[in-house]
1. Could you tell me which residue of region 1-43 is farthest from P389 (Cα to Cα), considering only residues that are under 21 Å from the mean Cα position of the chain (by Cα) and in a helix (DSSP H, G or I)?
2. Can you tell which of E160, E165, E179 is surrounded by fewer than 21 Cβ atoms within 10 Å (Cβ to Cβ), modelled with pLDDT under 95 and in a helix (DSSP H, G or I)?
3. Given the criterion assigned by TED's automatic domain parsing to the domain that holds G204, in contact (Cβ under 8 Å) with a residue 12 or more places away in the chain and of a type in the set (D, E, K, R), identify the matching residue among K367, K357, K284, K338.
4. Taking I319 as meeting all but one of (1) aliphatic (A, V, I, L, M); (2) within 27 Å of T69 (Cα to Cα); (3) surrounded by fewer than 16 Cβ atoms within 10 Å (Cβ to Cβ), write down the number of the exception.
5. Looking at this structure, is F236 over 23 Å from S41 (Cβ atoms), in contact with a helix residue (DSSP H, G or I) (Cβ under 6 Å, 6 or more places away or on another chain) and either outside the structural domain of G192 (by TED's automatic domain parsing) or among the aromatic types (F, W, Y) (or both)?
6. Restricting to region 254-287, what's the tally of residues that are within 13 Å of the ligand (Cβ to nearest atom) and either closer than 20 Å to R123 by Cβ or not in a helix (DSSP H, G or I) (or both)?
7. State the number of residues belonging to region 226-253 that are touching a residue at least 60 places away in the same chain (Cβ under 8 Å), within 14 Å of the ligand (Cβ to nearest atom) and more than 30 Å from D189 (Cβ to Cβ).
8. As an exercise: evaluate A95 against (1) surrounded by fewer than 17 Cβ atoms within 10 Å (Cβ to Cβ); (2) under 17 Å from P295 (Cβ atoms) and give the number of the one condition it does not meet.
Amino acid sequence: MMLDNSKSLFDRAKKILPSGVNSPVRYYYPYPFFAVSGKGSTMLTADHDRYVDYCMGYGSLLLGHSYSTVNEAVKSQIDHGSLFCVPTEAEVQLAELISKAVPCAEMVRIVNNGVEATTNAIRLARAFTKKKKIIKFDGCYHGAHEYVLPNLGSNGDISEGILNEVYSQTLVLPYNDSEKLEQVIKQDDDIGCVIVEPVAANMGLVLPEKQYLNEIRRITRQNDIVLIFDEVVTGFRLALGGAGEFFGIKPDLATYAKAMGNGFSIAAIAGKKEIMEQLSPSGKVYQASTYAGNPACVSASIATIKVLNDAKNDIYPRIAKTCDRIVCGIRDALRNFKLDYVINNIGSMYQLFFTDKNVKNAVTAGKSDPVLFRKLYDELLKRGVFIPPSRLETCFVSYSHSEEDSDKTVESYFESLRKLKESL
Ligand SMILES: Cc1ncc(COP(=O)(O)O)c(C=O)c1O
């Protein structure tokens with residue numbers, strides 16, 4: 001597929017941006033398309049193509065691109081200032097809204113992005129328990145920082161430039177295996193926290209098996225270990241109160257980002273008062289940021305959460321229904337063409353794996369055929385549908401996706417899968 005404008009922009013970008021991009025998932029061979037604008041469920045490209053978008057800012061745009069209520073809130077704020085670095089009432093209002101929506105959020109600290117939220121949640125957990133080690137799960141991604149880079153999700157390799165001393169304090173266990181977790185915890189009394197994506201969205205989409213999250217909760221509670229739900233993807237998406245509400249489980253701490261700002265850079269750490277109070281300046285866990293609580297992003301987040309709260313009985317069932325229509329359509333097409341597949345889906349998220357094995361952790365997700373997936377990506381793009389280019393990402397449906405979008409998407413999958421089958 002020749003995307004001439006994107007190609008020449010990429011040639012220019014490569015000269016000044018390492019690999020031509022500002023985040024690795026954005027690059028794929030031979031070059032990615034460049035975006036110009038987004039509205040609702042679609043994105044317009046530098047090559048004048050309009051794609052129905054299922055990447056949606058990797059899950060950030062729950063309401064859709066350029067959602068007017070959020071835009072209006074930001075526009076009206078920036079006329080009154082974009083940064084004060086002293087407290088504002090709006091920050092208090094946002095924290096109150098989060099606390100009302102999220103069952104575990106006795107206290108909240110507003111930060112700028114997912115990586116800041118998880119770094120500081122882990123720091124808090126270590127300080128609170130006075131224990132050094134942390135447990136994360138193979139294939140879960142918690143941001144590009146030292147504590148959690150071993151076995152990151154999203155198909156990345158282990159990063160150089162991180163001290164072995166740091167690596168050695170992070171234990172990586174298989175997802176969906178609570179027996180292994182209990183066994184490791186029984187043998188090691190220096191574990192301060194377990195961090196988990198309650199629904200894993202960075203090894204494709206992997207759902208927690210029945211009782212898995214309950215078991216993690218039981219094991220961590222019995223062993224005085226802080227449980228962190230990384231809800232950067234699931235927060236405000238799976239339900240207003242995120243996975244905590246959806247599964248009825250209260251972690252000690254949780255991190256939020258993406259959907260809470262509908263495309264604006266804002267995040268939060270939330271959790272038990274006795275842990276949150278360890279944050280500086282009252283406590284001894286240092287966390288700080290010039291842009292935390294900046295008025296533009298706070299106003300975007302307040303507007304987003306208000307829309308979600310006011311229309312929750314319409315929004316969550318509607319996006320789940322749209323997602324189900326798409327998943328059912330893809331299943332029908334795959335049965336037709338007799339290709340091995342697994343589709344995992346929950347709420348407004350889905351992913352298709354080209355494998356015949358149940359996908360329940362990083363190892364089984366990794367079995368999904370990358371060549372077939374890449375062909376599918378290209379074929380869908382030709383038909384005006386944009387999904388994340390990696391098989392180890394997740395497709396996201398927004399409130400702006402219409403029935404026509406889902407019909408077009410199903411048709412595009414059908415035609416694309418037909419092409420794939422013919423190419424085998
Ligand atoms: C579950 C999860 N946690 C944390 C992060 C890091 O968030 P950010 O990219 O905003 O730093 C991501 C990013 O994709 C994520 O999916």
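The values are calculated or read from the model by the stated rules, or taken from the named source; none is laboratory data. The structure displayed is predicted, hence computed values, not measured ones. Positions of Cβ are generated from backbone atoms using ideal geometry, with glycine treated the same way; all protein chains shown enter the neighbour counts.
1. P24
2. E165
3. Only one candidate passes the filter, namely K284.
4. Unmet condition: (3).
5. Considered against the rule, which asks whether it is over 23 Å from S41 (Cβ atoms), in contact with a helix residue (DSSP H, G or I) (Cβ under 6 Å, 6 or more places away or on another chain) and either outside the structural domain of G192 (by TED's automatic domain parsing) or among the aromatic types (F, W, Y) (or both), F236 comes out as no.
6. Number satisfying all stated conditions: 12.
7. Residues that pass the stated criteria total 6.
8. Unmet for A95, out of (1) surrounded by fewer than 17 Cβ atoms within 10 Å (Cβ to Cβ); (2) under 17 Å from P295 (Cβ atoms): (1).
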